[in-house]
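Here is the structure we will look at, set down as structure tokens.
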Amino acid sequence: MTEITLCSPEELRQKMTSGEKICLVDVREVEEHEAERISGSFNFPLSHFKEHLSSIPKSEPIYLLCRLGGRASRAAHYLGEIGYPSVQVVAGGLESWKEKGYPVEGHR
């Protein structure tokens, strides 16, 4: 089984504000993502995740998130098993991001 690497919301925010090239993937369902999301995140729901693999670059660090971390962890295991070299899960998911006061967009 692939080991999951966690990234804190603070680390993710730093990577995003530094301009580092990353791929942020939100694996929540479409309705959840439309309601609130981190700007710049791609929405590839776990329920249809395999259909989006061609859109997830192997050449960039991948950061996965969901509401709390469970779905993102499942997606990270899968990506690790099929050879993605740099995959991290945002610890605590979107809820942890919001607790830090970081911005979200959407139509809550």
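All of the numbers you see were taken from the coordinates with simple rules; none came from a lab. What you see is a predicted model, and the numbers here were worked out from it, not measured in a lab. As a convention, Cβ positions derive from the backbone with ideal geometry for all residues, glycine included, and neighbour counts pool all protein chains shown.
So for the range 40-53 (the condition being of a type outside the set (Val, Ile, Thr), in a helix (DSSP H, G or I) and within 19 Å of GLY101 (Cα to Cα)), does at least one residue qualify? Checked against the condition, which is being of a type outside the set (Val, Ile, Thr), in a helix (DSSP H, G or I) and within 19 Å of GLY101 (Cα to Cα), the range 40-53 yields no hits at all.
Every test in (1) under 20 Å from PRO9 (Cβ atoms); (2) buried (at least 18 other Cβ atoms within 10 Å of the Cβ) is passed by GLU60 save one, and that test is (2).
Taking the criterion of being closer than 21 Å to GLU20 by Cβ, not basic (Lys, Arg) and not in a helix (DSSP H, G or I), the residues of the range 58-83 that qualify are SER59, GLU60, PRO61, ILE62, TYR63, LEU64, LEU65.
When GLU81, GLU95 are checked against the criterion of being of a type in the set (D, E, K, R), touching a residue at least 12 places away in the same chain (Cβ under 8 Å) and closer than 18 Å to ARG13 by Cβ, GLU95 stands alone in meeting it. Number of residues in the range 1-39 that are surrounded by fewer than 14 Cβ atoms within 10 Å (Cβ to Cβ), touching a Pro at 6+ places or on another chain (Cβ under 8 Å) and not in a loop (DSSP other than H, G, I, E, B): the value is 1.
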